[in-house]
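**Student:** This structure is in structure tokens; I'll ask about it shortly.
The values are calculated or read from the model by the stated rules, or taken from the named source; none is laboratory data. Just so it is clear, the model here is predicted, and its values are computed rather than measured. Please note: Cβ atoms are built from the backbone with ideal geometry, for glycine as well, and neighbour counts cover all protein chains shown. Only protein heavy atoms, including side chains, enter the accessible area calculation; ligands, DNA and RNA are left aside. Shrake-Rupley method; radii C 1.70, N 1.55, O 1.52, S 1.80 Å.
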Amino acid sequence: VQDQFEVPLAPLTTLRIGGCAHRLVTALDEADLVRAVTEADRAGERVLILAGGSNVVVADEGFDGTVILVRTRGIEARADGSGVALAVAAGEPWDEVVERCVRSRYAGVECLAGIPGSAGATPIQNVGAYGQEVSETVEWVRALDRRSGEVVTFPSAACGFRYRTSVFKGSDRYVVLAVGFRLGRSAVSGPIRYAELARTLGAGHRAPLTAVREAVLGLRRGKGMVLDPADHDTWSAGSFFTNPILSEAEVAAFAERAARLLGPGVTFPRYPEPDGRCKLSAAWLIERAGFTKGYGDGPARISAKHTLALTNRGDAKAEDLLALARTVRDGVREAFGVELVNEPVLVGVSL
Ligand SMILES: Cc1cc2nc3c(=O)[nH]c(=O)nc-3n(C[C@H](O)[C@H](O)[C@H](O)COP(=O)(O)OP(=O)(O)OC[C@H]3O[C@@H](n4cnc5c(N)ncnc54)[C@H](O)[C@@H]3O)c2cc1C
């Protein structure tokens, strides 16, 4: 365990925003991580768990407590008749895990290439992209329950996985220590579900894992969704808003409003949810409400490559980014009566 004081948090986040941590503890193995959290909890300190910093907006005032940085490493693979079981330490960089799986011909996470952050954070918001979500391959999650002080293992069914959420999101009760994945042993992917990816691959509905990974990385780069320090379009927390999920009645009201605003022939992307509700596209709503790529003239702007990413152009403060987020959220509400919700975790700030 390394212990430091008054450490700037901005360089530890992909937005490069946020003041200092009063204290920063770096945990290099699981025992360290459990000990650091337990001791800080016993001392009654405020605690922030931080891993890749790719899904947080930290206040300009920083964090007046202990930040515990998850830097635990280790991957174990065990092949059996039906596939391979992978046990991954929380601090492993996710994209490296995907790369290793693709190289080893373990199928099931290849569409999730290029997503920044740690493996341990992936179950928290059920990370997903290009038609895959980790909930499809997570077999268990080992976590420290800060309430009881015990280490518990959640089977996948107990994780409460839904679109961009789980029992771990929005609560600081659990610290994810390791994640177990069950993957297929195959050099080709399962059916490609995402139309844009299928078109890019130009293949039937399955493709070699390496080709899927390359195609996903290419598409993501075009949208500024692969980290690149030289490209301010990637100084973001990924998608800032989740796609809103509406009931049937709400969709009908929305459709009427959209027709009034954009003309009677208007069509909009909609994706049915298993529970009968309907997911709309946040990007479509934002664009039709008048906020196009590159919107803004201050230090925080919408990415020039992706409507959903709010970006730091170099010296943005948390308040600049949040002001932009409020403008977009309020504009969409005024135009369509739909309330957008932020995806990143807000630390010491609110929308
Ligand atoms: C360019 C870019 C593209 C992105 N693309 C996608 C995408 O395609 N799909 C997608 O789903 N997301 C995407 N994201 C969002 C982000 O990468 C994921 O949410 C990622 O899983 C966050 O991991 P992290 O380690 O950076 O978490 P952090 O930002 O460090 O933490 C996020 C939250 O999780 C908590 N946390 C982190 N680790 C632990 C742990 N071990 N135990 C308990 N709590 C923990 C933190 O306290 C915080 O509340 C993108 C982000 C960026 C910047």
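Every residue, every condition in (1) at pLDDT 95 or above; (2) farther than 28 Å from Pro272 by Cβ; (3) of a type outside the set (S, T, N, Q); (4) more than 19 Å from the chain's Cα centre (by Cα), yes or no:
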| residue | (1), (2), (3), (4) |
| --- | --- |
| Gly204 | no, no, yes, yes |
| Leu209 | yes, yes, yes, yes |
| Glu214 | yes, yes, yes, yes |
| Leu219 | yes, no, yes, no |
| Gly224 | yes, yes, yes, no |
| Asp228 | yes, yes, yes, no |
| Asp231 | yes, yes, yes, yes |
| Phe241 | yes, no, yes, no |
| Phe254 | yes, no, yes, yes |
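**Student:** I would also like to ask the following. Looking only at residues that are outside any loop (DSSP other than H, G, I, E, B) and among the polar types (S, T, N, Q) in segment 207-252, which one is farthest from Pro299 (Cα to Cα)? Give the steps one after another, and end with the answer.
**Tutor:** Residues of segment 207-252 outside any loop (DSSP other than H, G, I, E, B): 208-222, 232-234, 241, 245-246, 248-252.
Right, trim to among the polar types (S, T, N, Q) and you get 210, 234.
Values: Thr210: 38, Thr234: 14 Å.
Looking at residues that are outside any loop (DSSP other than H, G, I, E, B) and among the polar types (S, T, N, Q), I get Thr210.
**Student:** Do we find a residue being free of Cβ contacts under 8 Å to residues at least 60 places away in the same chain, among the acidic types (Asp, Glu) and closer than 23 Å to Leu227 by Cα anywhere in segment 309-326?
**Tutor:** yes
**Student:** Now, a different point. How about segment 294-309: which of its residues are open to solvent by 20 Å² or more (accessible area, probe 1.4 Å) and farther than 15 Å from Arg329 by Cα?
**Tutor:** Gly294, Asp297, Gly298, Pro299, Ala304, Lys305, His306
**Student:** Residue pairs, Cβ under 9 Å, 6 or more apart or interchain, first in segment 152-169 and more than 20 Å from Lys279 (Cβ to Cβ), second among the aromatic types (Phe, Trp, Tyr) and at pLDDT below 95. List them.
**Tutor:** Close Cβ pairs (under 9 Å, with a partner that is among the aromatic types (Phe, Trp, Tyr) and at pLDDT below 95) do not exist here.
**Student:** Is there any pair with a first residue in segment 16-27 that is outside any loop (DSSP other than H, G, I, E, B) and a second that is among the aromatic types (Phe, Trp, Tyr) whose Cβ atoms are under 8 Å apart and which are 6 or more apart or on different chains, and what are they?
**Tutor:** What qualifies is Cys20/Phe63; Ala21/Phe63; His22/Phe5; His22/Phe63; Arg23/Phe5; Leu24/Phe5.
**Student:** While we're looking at this one, here's another question. For segment 269-288, what are the residues that are open to solvent by 30 Å² or more (accessible area, probe 1.4 Å) and either without any contact (Cβ under 8 Å) to a residue 60 or more places away in the chain or hydroxyl-bearing (Ser, Thr, Tyr) (or both)?
**Tutor:** Hits for segment 269-288 are Pro269, Arg270, Tyr271, Pro272, Pro274, Asp275, Gly276, Arg277, Glu287, Arg288.
**Student:** Looking at Val7, Val47, can you tell me which residue is surrounded by 14 or more Cβ atoms within 10 Å (Cβ to Cβ) and within 13 Å of the ligand (Cβ to nearest atom)? It would help to see each step written out before you state the result.
**Tutor:** Values: Val7 fails: within 13 Å of the ligand (Cβ to nearest atom).
Answer to the selection: Val47.
**Student:** What is the residue count in segment 10-21 for residues that are open to solvent by 40 Å² or more (accessible area, probe 1.4 Å) and either within 11 Å of the ligand (Cβ to nearest atom) or of a type in the set (S, T, N, Q) (or both)?
**Tutor:** 2
**Student:** Conditions first: (1) within 26 Å of Arg100 (Cβ to Cβ); (2) in contact with a strand residue (DSSP E or B) (Cβ under 7 Å, 6 or more places away or on another chain); (3) open to solvent by 50 Å² or more (accessible area, probe 1.4 Å). Arg173 passes all but one, so which condition is the exception?
**Tutor:** Of (1) within 26 Å of Arg100 (Cβ to Cβ); (2) in contact with a strand residue (DSSP E or B) (Cβ under 7 Å, 6 or more places away or on another chain); (3) open to solvent by 50 Å² or more (accessible area, probe 1.4 Å), only one is false for Arg173: (1).
**Student:** If I filter segment 93-104 for residues that are of a type outside the set (S, T, N, Q), within 12 Å of the ligand (Cβ to nearest atom), farther than 13 Å from Phe181 by Cα and surrounded by fewer than 24 Cβ atoms within 10 Å (Cβ to Cβ), do I get at least one hit?
**Tutor:** Residues of segment 93-104 of a type outside the set (S, T, N, Q): 93-103.
Now restrict to residues that are within 12 Å of the ligand (Cβ to nearest atom): 93-95, 97-98.
Filter once more, so that each one left must be farther than 13 Å from Phe181 by Cα: 93, 95.
Pick out the ones that are also surrounded by fewer than 24 Cβ atoms within 10 Å (Cβ to Cβ) and you get 93, 95.
Looking through segment 93-104, at least one residue is of a type outside the set (S, T, N, Q), within 12 Å of the ligand (Cβ to nearest atom), farther than 13 Å from Phe181 by Cα and surrounded by fewer than 24 Cβ atoms within 10 Å (Cβ to Cβ).
**Student:** Out of Glu39, Glu6, Glu99, report the one residue that is of a type in the set (Asp, Glu) and within 25 Å of the chain's Cα centre (by Cα).
**Tutor:** Criteria check complete, one pass: Glu99.
**Student:** Can you pull out the residues in segment 114-162 that are hydroxyl-bearing (Ser, Thr, Tyr), part of a loop (DSSP other than H, G, I, E, B) and near the ligand (Cβ under 7 Å from one of its atoms)?
**Tutor:** The one that is hydroxyl-bearing (Ser, Thr, Tyr), part of a loop (DSSP other than H, G, I, E, B) and near the ligand (Cβ under 7 Å from one of its atoms): Thr122.
**Student:** Is it fair to say Ala89 is at pLDDT 95 or above, within 14 Å of the ligand (Cβ to nearest atom) and under 30 Å from Asp315 (Cα atoms)?
**Tutor:** It is false that Ala89 is at pLDDT 95 or above, within 14 Å of the ligand (Cβ to nearest atom) and under 30 Å from Asp315 (Cα atoms).
**Student:** Across segment 222-242, which residue is nearest to the ligand (Cβ to nearest atom) among those that are open to solvent by 40 Å² or more (accessible area, probe 1.4 Å) and touching a residue at least 12 places away in the same chain (Cβ under 8 Å)?
**Tutor:** Leu227
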